[in-house]
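Undergrad: Let me give you the structure first, and then I'll get to my questions.
The values are calculated or read from the model by the stated rules, or taken from the named source; none is laboratory data. For clarity, every value in this text was computed on a predicted model and none was experimentally measured. As a convention, Cβ positions derive from the backbone with ideal geometry for all residues, glycine included, and neighbour counts pool all protein chains shown.
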Amino acid sequence: MTKILLQGNQAIAQAAVKAGLQFFAGYPITPASEILHELVNEKTVKLLQMEDEIASINAIIGASLAGAKSMTATSGPGFSLMQESIGLAHMMEVPLVVVDVQRVGPSTGMPTLPAQGDVMQCKYGSHGDYFPIVFYPNSVDELYQYTFHAFNAAEESLSPVILLSDGYVGHLYETIEVKDYDKTERTLAPLGTSNRHFTGLTHEDSKPATSDPEIHKKLIHHLEEKQKLVSKKYNAYEYIENTSSNTLLIAYGALSRVTYHFKDDFAIYRPIRIFPMIKDIKKIAAHYKEIIVLEMNTGQYVNEVERLLHRKVHLVSILGGKIDLQDIWSKLKQIRREK
Amino acid sequence: MTKEITYLNYLKKERLPTQWCPGCGNGIVLKLVCLAMEKLNFSQKDTVIVSGIGCSGRSAGFFNLDSVHSVHGRAIPVAEGIKNANENLNVIVVSGDGDLLGIGGNHLLHASRRNTNISVVCIANSIYGMTGGQSSPTTEQGSRTLTAPQGSAETPIDVQSFLKAHHCYYARSTVFHFNHAEKCITESFQFKGLSFVEIKTQCITNDGRRRGFKNAYEMLISYKENYKINNKAEVLEHNEIGIIR
């Protein structure tokens with residue numbers, strides 16, 4: 001076992017290589033560029049710096065179909081550009097890993113300052129119905145570990161898996177234990193071995209294109225069921241029980257690191273696989289009278305939590321990339337006072 | 001004994017006839033690509049066809065080999081990813097001018113800088129046919145379209161200059177000049193680096209009829225009348241077809 005000091009973004013790159021990454025295409029963007037830099041000198045990885053993020057995601061789709069485990073990394077603006085082809089990868093069932101190191105948006109926003117504004121973009125960014133698996137670790141060690149899981153889940157589900165990070169965790173330096181986690185081998189036969197037709201059109205084996213609603217329903221159902229099945233293997237969350245508190249805090253990513261300070265006063269639930277949502281939250285939430293979601297946006301995950309639990313959920317919204325313990329504490333107290 | 005040259009070996013026969021309109025030129029380009037592959041003995045197992053979106057985007061689905069029908073404009077980066085992941089594959093892009101030169105124009109520009117060893121066959125019908133006949137990047141100046149009823153005011157795109165500057169293969173031909181087009185495509189498949197063959201073809205349904213052509217045959221004959229073969233040219237004029245290496 002080796003202990004090394006690594007930056008969050010470096011951890012993703014190094015873990016990706018260990019997880020079998022063979023092809024990387026990317027475009028420079030703060031705060032994700034270190035992943036590109038870290039991979040440049042890797043001898044086992046074919047790397048292309050593309051002209052934009054659209055080219056990057058499409059190049060990794062091609063490479064993955066041709067048999068190479070592939071990844072790209074970006075931040076919010078680039079992630080937006082990739083959305084159309086993320087839908088394509090779901091439709092064509094191509095295993096990919098897409099890393100999004102979030103920064104303050106919308107638009108150019110505040111580069112390098114962390115935010116969590118892409119949570120909904122992960123789930124609903126592309127058009128049509130698809131069911132992405134999204135991991136959002138909150139430490140360098142977890143980024144390392146979940147990079148492996150992201151690659152494995154992509155192979156198992158034949159779909160693009162999103163590894164969400166943020167400017168804070170991505171640029172964080174921590175000492176971690178470098179381990180080799182399990183690797184799932186490729187099952188999809190590479191291009192040049194058969195006469196398959198990969199298309200973004202609604203399709204069935206014998207029909208490359210169709211306008212039959214039954215075939216479409218069957219296809220979407222298949223995509224959904226497949227994701228449910230695979231994501232069961234990755235029911236990853238952290239729960240810090242507090243029997244003396246009647247309030248549960250829900251946070252993820254950078255902001256969840258701050259909530260540990262409140263564990264004497266509150267219970268804490270931190271989803272790591274943020275989508276599809278982990279159903280265990282229903283049982284956990286039943287023990288608490290109040291639920292507060294803390295997130296670095298104007299309220300994205302809070303709606304998803306409310307929808308799943310069918311009850312009122314409070315929000316602590318942190319905007320502008322500044323995480324201030326005092327500020328969060330006073331917002332929590334205010335919610336308590338209102339009760 | 002010379003072997004019999006047929007285009008049928010590379011097509012999924014059960015998918016024929018194609019769904020394209022009567023008089024469409026896309027089928028001719030499909031045949032040209034198959035003949036070039038046949039001549040070069042491309043193995044079905046080592047060849048991949050990639051297409052984008054549009055009428056021509058449907059091409060990939062007809063080939064009896066692994067094929068990818070990507071999103072609009074992104075066939076070239078997909079093809080580059082495939083080639084970079086497996087250099088032994090023959091990677092061929094078959095797509096339209098709107099797809100490759102309009103929405104995907106930037107990818108062609110940069111793929112030519114990288115000079116990735118892929119072959120691009122551009123079905124240039126000078127119109128967005130599938131969406132009803134809007135102006136495309138290769139629409140001739142003055143040509144009437146759905147979105148330019150008074151005639152297109154814009155200069156058609158000319159990609160030969162940067163492809164030549166980046167040491168890529170560029171050739172232009174038409175579906176009327178069948179043998180010339182076949183030569184262009186066959187040579188392009190042998191080229192080491194990025195090759196781009198622009199095949200001018202007709203869309204009677206959403207272009208020709210708006211411009212006064214009675215049928216596809218008249219459009220074909222117009223290629224005979226309007227284009228002169230010049231294989232020695234350094235730069236092809238707008239009414240010339242030929243090969244720039």
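Undergrad: Report, by residue number, each residue of segment A:113-131 that is buried (at least 20 other Cβ atoms within 10 Å of the Cβ) and touching a strand residue (DSSP E or B) at 6+ places or on another chain (Cβ under 6 Å). Show your work before the answer.
TA: In the first step, residues of segment A:113-131 are kept if they are buried (at least 20 other Cβ atoms within 10 Å of the Cβ); the result is A:114-119, A:121-123, A:126, A:130.
Within segment A:113-131, A:Pro114, A:Ala115, A:Gln116, A:Asp118, A:Cys122, A:Lys123 meet the criteria.
Undergrad: Still on this structure, I have one more. Of all residues in segment B:25-52 being more than 12 Å from the chain's Cα centre (by Cα), in contact (Cβ under 8 Å) with a residue 40 or more places away in the chain and surrounded by fewer than 24 Cβ atoms within 10 Å (Cβ to Cβ), which is nearest to the other protein chains (Cβ to nearest Cβ)?
TA: Among those residues, the one meeting the criterion is B:Asp46.
Undergrad: List the strands (runs of 3 or more DSSP E) that sit entirely inside segment A:247-339 and contain at least 3 residues that are among the polar types (S, T, N, Q) and over 23 Å from A:Asp166 (Cα atoms). Let's see the steps before the verdict.
TA: Working: elements: A:247-250, A:267-271, A:273-275, A:290-295, A:314-317.
Answer list for segment A:247-339: none.
Undergrad: For B:Gly151, all conditions in the list (1) surrounded by fewer than 18 Cβ atoms within 10 Å (Cβ to Cβ); (2) touching a Pro at 6+ places or on another chain (Cβ under 7 Å) hold save one; what is the number of the exception?
TA: Going through the list (1) surrounded by fewer than 18 Cβ atoms within 10 Å (Cβ to Cβ); (2) touching a Pro at 6+ places or on another chain (Cβ under 7 Å), B:Gly151 breaks only (2).
Undergrad: Going through B:Asn106, B:Asn117 one at a time, which residue ends up being within 14 Å of chain A (Cβ to nearest Cβ) and either buried (at least 18 other Cβ atoms within 10 Å of the Cβ) or in a loop (DSSP other than H, G, I, E, B) (or both)?
TA: Of the residues listed, the single one that is within 14 Å of chain A (Cβ to nearest Cβ) and either buried (at least 18 other Cβ atoms within 10 Å of the Cβ) or in a loop (DSSP other than H, G, I, E, B) (or both) is B:Asn117.
Undergrad: Follow-up. What number of residues in segment B:127-137 are in a loop (DSSP other than H, G, I, E, B), out of contact with any Cys (no Cβ under 6 Å at 6 or more places or on another chain) and buried (at least 24 other Cβ atoms within 10 Å of the Cβ)? Don't jump to the end; show me each part of the working.
TA: Narrowing segment B:127-137 to residues in a loop (DSSP other than H, G, I, E, B): B:129-133, B:136-137.
Okay, now just the ones that are also out of contact with any Cys (no Cβ under 6 Å at 6 or more places or on another chain), so B:131-133, B:136-137.
Imposing the further condition that a residue be buried (at least 24 other Cβ atoms within 10 Å of the Cβ) reduces the set to B:136.
Within segment B:127-137, residues that are in a loop (DSSP other than H, G, I, E, B), out of contact with any Cys (no Cβ under 6 Å at 6 or more places or on another chain) and buried (at least 24 other Cβ atoms within 10 Å of the Cβ) number 1.
Undergrad: Residues that are more than 29 Å from A:Ile281 (Cα to Cα), at least 1 per element: which strands (runs of 3 or more DSSP E) completely within segment A:129-243 meet that?
TA: Values: elements: A:133-135, A:160-166, A:173-178, A:197-199, A:237-240.
So the answer is A:173-178, A:197-199.
Undergrad: If we only count strands (runs of 3 or more DSSP E) wholly inside segment A:1-77, which ones have 3 or more residues that are farther than 26 Å from A:Thr193 by Cα and of a type in the set (Ser, Thr, Tyr)? Don't jump to the end; show me each part of the working.
TA: Details: elements: A:2-7, A:23-26, A:46-49, A:70-74.
Filter on segment A:1-77 gives an empty set.
Undergrad: Criterion first (basic (Lys, Arg) and either more than 8 Å from every other protein chain (Cβ to nearest Cβ) or closer than 20 Å to A:Ile60 by Cβ (or both)) does B:Arg58 satisfy it? It would help to see each step written out before you state the result.
TA: On the way: basic (Lys, Arg): yes; either more than 8 Å from every other protein chain (Cβ to nearest Cβ) or closer than 20 Å to A:Ile60 by Cβ (or both): no.
For B:Arg58, the condition - basic (Lys, Arg) and either more than 8 Å from every other protein chain (Cβ to nearest Cβ) or closer than 20 Å to A:Ile60 by Cβ (or both) - is not met.
Undergrad: Out of A:Ile86, A:Ile35, which single residue is surrounded by 22 or more Cβ atoms within 10 Å (Cβ to Cβ), more than 8 Å from chain B (Cβ to nearest Cβ), touching a residue at least 60 places away in the same chain (Cβ under 8 Å) and farther than 18 Å from A:Glu155 by Cα?
TA: A:Ile35
Undergrad: Further question on the same structure: Is it true that A:Phe198 is within 14 Å of another protein chain (Cβ to nearest Cβ), surrounded by 14 or more Cβ atoms within 10 Å (Cβ to Cβ), touching a residue at least 40 places away in the same chain (Cβ under 8 Å) and not small (Gly, Ala, Ser)?
TA: yes
Undergrad: Look through A:Pro160, A:Pro208 and report the one residue that is more than 30 Å from A:Gln145 (Cβ to Cβ) and either assigned by TED's automatic domain parsing to the domain that holds A:Gly8 or in contact with a strand residue (DSSP E or B) (Cβ under 9 Å, 6 or more places away or on another chain) (or both).
TA: A:Pro208
Undergrad: Checking B:Ser95 against (1) polar (S, T, N, Q); (2) closer than 22 Å to B:Asp207 by Cβ; (3) part of a helix (DSSP H, G or I): exactly one of these is not met. Which one?
TA: Looking at each condition in turn, B:Ser95 falls short on (3).
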